[in-house]
Amino acid sequence: MAVASDIVSRMVAIVGADHVRVDDATRVAYGVDALKQGHPADVVVTPVTTAEVSAIAHLCHETRTPLVPRGAGTGYTGGAVPSHGGVVISLERMNRILEIDEGSLLAIVEPHVITGDLQDAVEAVGLFYPPDPASLRQSVIGGNVAECAGGPRAFKYGVTKQYVLGLEAVLPTGEIIETGGKVVKNVVGYDLTHLLVGSEGTLAIITKVILRLIPKPPVQITMRASFPTVRHAVNAVTGLIRARVIPAALELIDGDSLDAVASHLQVRSLAPAGTAAILLLEVDGLSAQVREEADRIESACLEAGATEFRRATDNAERQELWRVRREISPSLKVITPLKFNHDVVVPKARIPELFELVDVLRERYRLRIPCFGHVGDGNIHVNIMVTPGDDDEIRRAHEAEGDLFRGVVAMDGSISGEHGIGFAKKKYMTLELSQDEIDLMKRVKAAFDPRGVLNPGKIF
Ligand SMILES: Cc1cc2nc3c(=O)[nH]c(=O)nc-3n(C[C@H](O)[C@H](O)[C@H](O)COP(=O)(O)OP(=O)(O)OC[C@H]3O[C@@H](n4cnc5c(N)ncnc54)[C@H](O)[C@@H]3O)c2cc1C
């Protein structure tokens, strides 16, 4: 164990012996996230108060010990995993919803509240917290804030940052800060709240979050349209944007992903012959408005060449339509446990070019690359499937990844719309950012973390 025993003893004095773990099983478990790479933790510590988080941070700063904040560990870029050992600080015991303020439309939560649980709690009183990463039943608000998580509803409602009003956070030096607050407008000084949102656990440890809520839309209509090519599906998206409809969800699933789900669930009808893409759409709001929007969507899809259009008539059918989307990740895992799961984003009008690029990569590198995602945002999950141990295929996948990233940047897009950089993508930062921009970011990092102890080896 690389962390000295006297440091471990001082941690025990802060949080108690039950909350400092050094056994192998724990160290390995906290040494991976959904990327499935990284380094075991040397020590895992689970504080329960902000004061304890502060004392741990101060100790790591003083002793120059690497400290890695961790939520639920569902991140795809190795963000919650040590790059070379050190202490993992898991916020798992800080899991309370502290307040739901129906008058001011906000919630105050500790970082380890599961996103889906918060949604259920606010919906029970007629309110709504829209950000909905597909991991919402596992991932937690602290991790969502640190990654600025998105999800299917971002097209209409925006991503996590649009809902964060304020934060309590512990700096790597141990100081406790409060940013923003309970108000929706606040222009006093620099916007530290939104500097911390998306900072991937490299600037501060988030210990409390004030979230904006909105009234829950009373009615939802879910629809599915099938298309003979991806281009037809994308044309339908353009058509419905022209018809001035903003769906609450607008997901595209390509034929390869559909095939994977159909094989996994053994329901061939989910991927009928002649269907190369489906759109999954949802509108929400007041009853008359959503019926009108659903009609406009149906027209746009049929005009774009949809071969089938279904509108869910009850909640069971709605869940059935969503099932295909939810089953994609588990179905792809059955094909191979290893995939390079990218979350590139391009301006909406350039989505057809993105799919053309993926077709070129499939052929050039002889790889299976199922794609699906938030087409309304131009944010597509490009999954480069690789066989563990097949070195030649892994090499081709890395080359395809580089071409993909260079291609999206050339399309005025970004190499990551949701998952962040972590250590998985840091070598590609210079594709998108100038050296001056990277140097400025490093100076910001140094201002928060002068000794570089918080989540070292990430982003840069
Ligand atoms: C099946 C599946 C589906 C997914 N779907 C989506 C999706 O639709 N949209 C999307 O955006 N992402 C998605 N993700 C990725 C992932 O769920 C998100 O990035 C999520 O926000 C990570 O939350 P977490 O609690 O698991 O954080 P972790 O993985 O534990 O940590 C993520 C990062 O946040 C930092 N961090 C965690 N907690 C704190 C804290 N309290 N203070 C400071 N830093 C902290 C960590 O250091 C790390 O850098 C998906 C992942 C999976 C496995």
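Please treat every number below as a calculation from the coordinates, not as lab data. Bear in mind that the values here come from a model prediction, so they are computed numbers and not experimental data. In this analysis, Cβ positions are derived from the backbone assuming ideal geometry, glycine residues included, and neighbour counts consider all displayed protein chains.
Looking at the range 378-407 only, could you name the residues that are surrounded by fewer than 21 Cβ atoms within 10 Å (Cβ to Cβ) and touching a Lys or Arg at 6+ places or on another chain (Cβ under 6 Å)?
Met385
Only one residue in Lys156, Lys208 is more than 13 Å from the ligand (Cβ to nearest atom) and not hydroxyl-bearing (Ser, Thr, Tyr). Which one?
Working: Lys208 fails: more than 13 Å from the ligand (Cβ to nearest atom).
Residue meeting the stated conditions: Lys156.
Hey, can you tell me all the residues within the range 117-139 that are over 22 Å from Glu102 (Cα atoms) and either hydrophobic (A, V, I, L, M, F, W, C) or in a helix (DSSP H, G or I) (or both)? Reasoning before the result, please.
Filtering the range 117-139 down to residues over 22 Å from Glu102 (Cα atoms) leaves 133-139.
If the condition is that a residue be over 22 Å from Glu102 (Cα atoms) and either hydrophobic (A, V, I, L, M, F, W, C) or in a helix (DSSP H, G or I) (or both), then Ala134, Leu136 are the ones that fit.
What do you reckon, is Ala225 out of contact with any Leu (no Cβ under 8 Å at 6 or more places or on another chain), buried (at least 17 other Cβ atoms within 10 Å of the Cβ) and either over 29 Å from Glu320 (Cα atoms) or of a type outside the set (S, T, N, Q) (or both)?
Working: out of contact with any Leu (no Cβ under 8 Å at 6 or more places or on another chain): no; buried (at least 17 other Cβ atoms within 10 Å of the Cβ): yes; either over 29 Å from Glu320 (Cα atoms) or of a type outside the set (S, T, N, Q) (or both): yes.
Here the answer is no, as Ala225 does not meet what is asked.
For the range 413-432, give me each residue that is under 21 Å from the mean Cα position of the chain (by Cα) and over 22 Å from Lys36 (Cα atoms). Let's see the steps before the verdict.
Going through the range 413-432, the residues under 21 Å from the mean Cα position of the chain (by Cα) turn out to be 413-429, 432.
Within the range 413-432, Gly413, Ser414, Glu432 meet the criteria.
Just for helices (runs of 4 or more DSSP H) wholly inside the range 1-108: which have at least 2 residues that are within 16 Å of the ligand (Cβ to nearest atom)? Reasoning before the result, please.
Numbers: elements: 5-15, 24-29, 50-63.
The helices (runs of 4 or more DSSP H) meeting that bar are 24-29, 50-63.
Please go through the range 111-142 and pick out each residue that is within 22 Å of Val45 (Cα to Cα), out of contact with any Ser or Thr (no Cβ under 7 Å at 6 or more places or on another chain) and near the ligand (Cβ under 9 Å from one of its atoms).
Initially, the range 111-142 is screened for residues within 22 Å of Val45 (Cα to Cα), giving 111-114, 138-142.
Filter once more, keeping what is out of contact with any Ser or Thr (no Cβ under 7 Å at 6 or more places or on another chain): 112-114, 142.
Matches in the range 111-142: His112, Ile114, Gly142.
Taking into account only those residues within the range 61-112 that are closer than 30 Å to Val183 by Cα and among the charged types (D, E, K, R), which is nearest to the chain's Cα centre (by Cα)?
Arg70
Return yes or no: is Ile438 under 28 Å from Ala134 (Cβ atoms) and surrounded by fewer than 18 Cβ atoms within 10 Å (Cβ to Cβ)?
On the way: under 28 Å from Ala134 (Cβ atoms): no; surrounded by fewer than 18 Cβ atoms within 10 Å (Cβ to Cβ): yes.
Against the criterion (under 28 Å from Ala134 (Cβ atoms) and surrounded by fewer than 18 Cβ atoms within 10 Å (Cβ to Cβ)), Ile438 does not qualify.
Return the residues of the range 26-64 that are surrounded by 22 or more Cβ atoms within 10 Å (Cβ to Cβ) and either hydrophobic (A, V, I, L, M, F, W, C) or closer than 17 Å to Glu175 by Cα (or both); say none if nothing qualifies.
If the condition is that a residue be surrounded by 22 or more Cβ atoms within 10 Å (Cβ to Cβ) and either hydrophobic (A, V, I, L, M, F, W, C) or closer than 17 Å to Glu175 by Cα (or both), then Ala41, Val43, Val44, Val45, Pro47, Glu52, Val53, Ile56, Ala57, Cys60 are the ones that fit.
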